[in-house]
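Visitor: Take this structure first; my questions come after.
Quick note: the coordinates plus some simple rules give every number you see, no bench work behind them. Keep in mind that what you see is a predicted model, and the values were worked out from it rather than measured. In this analysis, Cβ positions are derived from the backbone assuming ideal geometry, glycine residues included, and neighbour counts consider all displayed protein chains.
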Amino acid sequence: MSSIDRFIRTLAKTLAGIASGVFSITAFAGAPLDNSHAAVRAVMAVQGEVTADWMQQPEVLGTAVGVDGNETPALLVYVDRDANNAGEVIRNLPREFRGIGVQIHLTDKFRAFPGNGGHGGGGVSHTAIQTPPIQLGTSGGWSKDLANGYCCGGTLGSLVQIGSSQYILSNYHVFESDIVPGGNNTVATTGDPIIQPGLIDVNCNANNAQTVATLVKKSSLPNSNVDCSIGKVVSGKVRTDGAILEIGTISHLTMGASINQGVKKSGRTTGLTRSSISGLNATIRVTYDNECAGGTAFTKTFTGQIVIANKGSKFLNSGDSGSLMVEDVATNPRAVGLLFAGSSTDAIANPINQVLSFLGATMVGN
């Protein structure tokens, strides 16, 4: 073989390799940015290395895997914008670590999102008493959630099944966070009524609401990694297909989260809202009260959570806790997460499969 022939063959192989490489990179770039994506995994590795150390500073509220302005996976760091020394903390954080970009997000503190008054508008009321069987995505909560001059509540999010029975799914802090006699001389107990609407929408008088389920205490917090609770459905009070206001029926299947994925939810306060996922594998610090408008019971650091864009609290606000987050499709959307906390810039959801695993439950849907 002549040297010219060898050169031509070598060049052809090189060009083929380049073409193959370009194809592979393009396909890789188009893959969903979920927890299995190689670039996301690389950021997660750095996240695992630095998060515990950085969060020793109370001004650092959490971290997550997100993307930068070029849509390249990066490490997001949430810093308390109200902290006196927020500027100093920001200056001391690196802009890159082991080749991974670091993006700093200023936000207010992350809070569990029960409500104690106020509600949004919209064509469908999420706060009015319904004629049974009710749809979910509606105001509701523990019937005795009144203490310290306030009454509280949240959202009856969705329907799940355990064994042969159906249960309303919401948050621990909506159904059972009253753990001290305190301001109302009572604590949440299995068998207590779960009502619709919640006390916050019936002038704090449970007689103006209807009992749709009975509490089954699961005590998910403070020791587990999910904020969930359930009420066993009272026969005839809840639609057996689990329909959610303004969403309709959902799929019995679930799906994992990916960055920039479109999602929606139906909740007590803001109704039907849409947004997109901005962070995965989040480690986030959230503070919980011991009863409605009570003192601090504990601060919980969650791991592996989903972050959703929530500018101006338009996606999730106080009283929306317990809402089910689903993919933003018109028919039979799959559940993605259980919403439970947020700030005025970001909302937080437990991955739905973690919730179902903790409860030993499945989604009710088509």
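Visitor: Of the cross-linked pairs Lys237/Lys300; Lys109/Lys237; Lys144/Lys237; Lys144/Lys311; Lys264/Lys311; Lys144/Lys264, which ones have a Cα-Cα span greater than 26 Å in the structure shown? The partial results should precede the final answer.
Guide: Values: Lys237/Lys300 34 Å; Lys109/Lys237 37 Å; Lys144/Lys237 19 Å; Lys144/Lys311 32 Å; Lys264/Lys311 15 Å; Lys144/Lys264 30 Å.
Those over the limit are Lys237/Lys300; Lys109/Lys237; Lys144/Lys311; Lys144/Lys264.
Visitor: Here's something else I'd like to know. Taking every pair of distinct Cα atoms and averaging 1/r, then inverting, what Kirkwood hydrodynamic radius in Å comes out for segment 218-285? Walk me through the numbers on the way to the answer.
Guide: Working: mean 1/r = 0.0659 Å⁻¹.
The Cα-based Kirkwood calculation yields 15.2 Å.
Visitor: Here is a further query. Can you give me the three principal axis dimensions of segment 156-292 from its C-alpha atoms, in Å, biggest first?
Guide: Rounded to whole Å, the extents work out to 45, 37, 33 Å.
Visitor: Return the Cα extents of segment 240-366 along principal axes one, two and three, sorted largest first, each rounded to a whole Å.
Guide: Answer, in whole Å and largest first: 41, 33, 27 Å.
Visitor: Step through the residues of segment 31-36 one at a time and calculate ³J(HN,Hα) from phi using the Karplus curve (6.51 cos²θ - 1.76 cosθ + 1.60, θ = phi - 60°), rounding each to whole Hz and writing x for Gly and Pro.
Guide: Listing the rounded values in order: 5, x, 7, 10, 5, 8 Hz.
Visitor: While we're looking at this one, here's another question. Along segment 321-329, what does the Karplus equation 6.51 cos²θ - 1.76 cosθ + 1.60 (θ = phi - 60°) give for ³J(HN,Hα), rounded to whole Hz, x for Gly and Pro?
Guide: These are the phi-based 3J(HN,Hα) values: 3, x, 5, 8, 9, 10, 5, 8, 10 Hz.
Visitor: Taking amide H atoms as placed 1.01 Å from N in the peptide plane, list the residues 5 or more away in sequence, or in a different chain, whose amide H sits under 5 Å from that of Asp178.
Guide: Ala188
Visitor: OK, next. Check the chain for me: any Cys whose beta-carbon has no other cysteine beta-carbon within less than 4.7 Å?
Guide: That list is Cys228.
Visitor: Also: Could you tell me how many degrees, from 0 to 90 and to the nearest 10, lie between the Cα long axis of helix 3-30 and the main elongation axis, the longest principal axis, of the Cα atoms of the chain?
Guide: The helix 3-30 is inclined about 10 degrees to the chain.
Visitor: Please provide three numbers in whole Å: the alpha-carbon extents of segment 139-211 along the principal axes, with the largest listed first.
Guide: Between the extreme Cα coordinates on each principal axis of segment 139-211 lie 38, 24, 17 Å.
Visitor: Sort largest first and round to whole Å: the equivalent ellipsoid semi-axes of the chain, each the square root of five times a Cα gyration tensor eigenvalue.
Guide: Over the Cα atoms of the chain, the semi-axes work out to 43, 25, 16 Å.
Visitor: May I pose another question? Report the local net charge at Gly256: Lys and Arg +1, Asp and Glu -1, summed over other residues whose C-beta lies under 10 Å from its C-beta.
Guide: Its environment carries a net charge of 0.
Visitor: Let me have the 222 nm mean residue ellipticity of the chain computed from DSSP H runs of 4+ only, each contributing -39500 (n - 2.57), with the sum over all residues rounded to the nearest 500.
Guide: Values: 5 runs with 64 residues, N = 366.
Here the helix-only value at 222 nm equals -5500 deg cm²/dmol.
Visitor: Neighbouring Cβ atoms within 10 Å as the yardstick, rank Met44, Met363 fewest first.
Guide: Lowest count first: Met44, Met363.
Visitor: Rounding to the nearest 10 and keeping the result within 0 to 90°, find how far the Cα-based axis of helix 38-54 lies from the longest principal axis of the chain.
Guide: 60
Visitor: Then there's this: Based on the alpha-carbon set only, what is the convex hull volume of segment 38-107 divided per residue, in Å³?
Guide: Convex hull of Cα atoms, per residue: 77 Å³.
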